[in-house]
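The values are calculated or read from the model by the stated rules, or taken from the named source; none is laboratory data. This one's a predicted model, so the numbers in the text were calculated from it and none came from an experiment. As a convention, Cβ positions derive from the backbone with ideal geometry for all residues, glycine included, and neighbour counts pool all protein chains shown. Ligands, DNA and RNA are excluded from the accessible area calculation, which covers all protein heavy atoms including side chains. Shrake-Rupley method; radii C 1.70, N 1.55, O 1.52, S 1.80 Å.
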Amino acid sequence: RAMDDLAELQALLGAVQKQETKNRLNERNCRELLIKLIEKELVKLITTLDGGEYVTPDHLEKELRDEIIVAGGRLRLTDVQPQLNVDLSHIQRRLDDIIKDDPSIKFVDGEVFTQDYMDGVAEEINQILQEAGSLRLVELASRFNLSTQFLTTGLTS
């Protein structure tokens, strides 16, 4: 019986797909419709820089989270903007939401740092300290491309 129902539904789908439609929306009409919905705040969409696509704030946040992971927990926002293809202000707003949800993520001097990244830096510094016996903060700052102030506050917190 289920196979008969499936065959019937497939036949119905095929018939519907073959039908000519009288009213079709072209790309321009769809774009105008989306713009109206955005203007009336009935839908929240972010226009890409090239204007060719729209993304939801949630999708942009997911993409930003993915980019942070792919970058190993350290990411400069200006470096990720070309991949996300949206205005930096939208990226910053999504990052603010991410930080609200996860306070272990820090944003300092235009860069995002996860706790995992900072833990890795701390482990590496500890290993260097064990081998060398002493460390100069300036050398560490140079090695990790971090400010001395960030190293002192970031590693002690």
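For the range 23-35, the condition holds for at least one residue, the condition being that it is among the aliphatic types (A, V, I, L, M) and either within 21 Å of Leu151 (Cα to Cα) or surrounded by 14 or more Cβ atoms within 10 Å (Cβ to Cβ) (or both). In the set (1) modelled with pLDDT of 95 or more; (2) within 22 Å of Gln115 (Cβ to Cβ), Leu77 fails one condition alone, (1).
Of all the residues in the range 53-77, those that are surrounded by fewer than 16 Cβ atoms within 10 Å (Cβ to Cβ) and of a type outside the set (A, V, I, L, M) number 9.
Within the set Val121, Val80, the sole residue that is open to solvent by less than 50 Å² (accessible area, probe 1.4 Å) and either of a type in the set (Ser, Thr, Tyr) or closer than 20 Å to Asp58 by Cβ (or both) turns out to be Val80.
Name the residues in the range 15-48 that are assigned to a loop (DSSP other than H, G, I, E, B) and at pLDDT below 80, would you? Correct list: Gln19, Glu20, Thr21, Lys22, Asn23, Arg24, Leu25, Asn26.
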